[in-house]
Amino acid sequence: MLKRKNSGGLAAADAGAPGGRISVEDAPLPASGSAAIPTGSPELVERAIAVSAEWPGRLRDDEGAPGGLIELPRGIRTVVIGDLHANLENLIAILEHDGNKSDLDSGKAVFILVGDAVHDDRTGHMREQAGSIAILDYIFRLIVDHPKNVFYIRGNHDTFDHRLRKSGIAQGLEFRDALTAAHGEAFVEAVGRFWDSLPVFIIGEGFVITHAGPPRGGLVREEIVNIKRYPEKYHQLMWNRVNEYHGNPSPKEYGEKDVRLVLDLLNQSADTFFIVGHNPLWNDGNKIGVWMDVIGIRNHHILYSGSGSRAPYFILEGGKLVLKMAVEFEPEVYNFG
Ligand SMILES: [Mn+2]
């Protein structure tokens, strides 16, 4: 269950039961929809895997498997949500903000989660697993219930790998143990396959999106589609960070020339929005969760929608980008005297 209080919207307990749109009597054999599938059932994950394989615009790799690239059609309204890191409250706030829910249900917009929905990354909260379990349960239903318009791309936290560590805490392993206790081995095994099957890159009209950043040396379409064959670039798309201080870049850092090179290699114009997540901006004192024109790289934007942010999201349509915030500023109170 959620540890944070849910301000409005779906309560945590309701999160897995979207409004009774399908009753068992009315639809004994639901062709789609998650309502009949219990939370924590491996079947829910299997459905999400099946849906993700057929996401519109998802190209097949050379082996015929769902590949690493999604090419969105032109003219589709696209809502981009940054890293959530176990903050289900913010995801719900975004979905309920400003007509997004009706755009979601009517299929009028495509919703993209940029990865890293799990693992609370705040200091002192990294061992809390309830929020990660709750958001995962919620996202599987979201995907299954909206098979054509909720996409998820893979972030570096979308793994049970023991090498995923933060502040000495093996987040991948600890989450695996908690999820096994909550939902069982078969569920955990299916979640691992879900993450492993996810795409890593989206090309839309006037924008591209990946979790962390461009790989050094760029990459071409064929490499993204067949990303499993290029483990080094696969890793960099999920892990790279911007070379913020303009020193000699470490092997894990990218700069403006990598952004430009990727856009060039993908035949995208130089003013294409290059959108990533991955950076918890609050650790630098940023209170909104958005960094536009990162280190002066024009149209390179970081979006972080988890705790410590105002649940920001982008709406992209017709080559234009609009920034919105789903959560109000907490008023800062100053006492005198
Ligand atoms: Mn990340």
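Just so you know, all these numbers are worked out from the coordinates, no wet-lab data involved. Quick caveat, the model's predicted, so the values are computed rather than measured. Positions of Cβ are backbone-derived with ideal geometry, glycine not excepted, and every protein chain shown enters the neighbour counts.
Stretching Lys228 away from His246 to a fully extended chain increases their span by 3.4 nm, per 0.36 nm per residue minus the current alpha-carbon distance. The label-point distance for Ala53 and Arg77, in a model that sets each label 7 Å from Cα toward Cβ, rounds to 3.2 nm. Scanning residues 5 or more positions from His300 or on other chains, those with amide H under 5 Å from its amide H are Phe274, Asp293, Val294, with H placed 1.01 Å from N in the peptide plane.
What order, most packed first, do the peptides 139-152, 33-46, 268-281 have when packing is the mean number of other Cβ atoms within 10 Å of each residue?
Details: 139-152: 22.0, 33-46: 18.1, 268-281: 20.4.
Most protected by this proxy first, the peptides run 139-152, 268-281, 33-46.
Charge tally for His157 (other residues, Cβ to Cβ under 13 Å; Lys, Arg +1; Asp, Glu -1): -2.
Pulled fully out, how much extra length does the chain show between Leu173 and Glu43, if you take 0.36 nm times their separation in residues and subtract their Cα-Cα distance? Mind showing how you got there, number by number?
Working: separation 130, 0.36 × 130 = 46.80 nm, distance 2.27 nm.
Result for the pair: 44.5 nm of gain on full extension.
For Arg60, enumerate residues with amide H under 5 Å from its amide H, sequence gap 5+ or separate chain, H modeled in the peptide plane. Amide H neighbours of Arg60: Gly67. In summary, the convex hull built on the alpha carbon positions of the stretch 41-322 has an orientation-averaged projected area of 13.6 nm². Legend: calculated FRET efficiency, Asp284 to Ala36, from the Cβ-Cβ distance at R0 = 56 Å, rounded to 0.05, equals 0.80.
Between Asp196 and Val333, the distance separating the two model label sites (each 7 Å from Cα on the Cα→Cβ line) works out to 5.1 nm.
Distance from the C-alpha centroid of the stretch 171-194 to that of the stretch 56-103: 23 Å, rounded to the whole angstrom.
Taking amide H positions as modeled 1.01 Å from N, with prolines and chain starts lacking one, no residue 5 or more places away or on another chain lies under 5 Å from Leu321. If you look at the Cα atoms of the stretch 214-337, you get an Rg and a Dmax of 16.8, 65 Å.
Enter the per residue convex hull volume of the stretch 34-165, computed from alpha-carbon coordinates, in Å³ rounded to the nearest integer.
Working: hull volume 16.5 nm³, N = 132.
It is 125 Å³ per residue.
Please identify the GluC sites (Glu not before Pro) of the stretch 265-337 that satisfy two criteria: DSSP loop assignment and at most 13 other Cβ atoms within 10 Å. Which are they? Numbers along the way, then the final one.
Working: sites: Glu317, Glu328, Glu332; in loops: Glu328, Glu332.
Listed in order of number, the matching sites are Glu328, Glu332.
What whole-number volume per residue, in cubic angstrom, does the convex hull of the C-alpha atoms of the stretch 191-276 give? Each step should come with its number before you reach the end.
On the way: hull volume 8.4 nm³, N = 86.
Taking only Cα atoms, the stretch 191-276 has a hull volume of 98 Å³ per residue.
A simple spin-label model places pseudo-atoms 7 Å from Cα toward Cβ; at Asp62 and Lys101 they are separated by 4.7 nm.
Sort the stretch 91-203 into rounded, prolate or oblate with this rule: let a ≥ b ≥ c be the square roots of the eigenvalues of the Cα gyration tensor; rounded if a/c is under 1.5, and if a/c is not under 1.5, prolate when a/b is larger than b/c, oblate otherwise. Walk me through the numbers before you get to the answer.
Details: a/c = 1.89, a/b = 1.72, b/c = 1.10.
Judged from the Cα gyration tensor, the stretch 91-203 comes out prolate (a/c at least 1.5, a/b above b/c).
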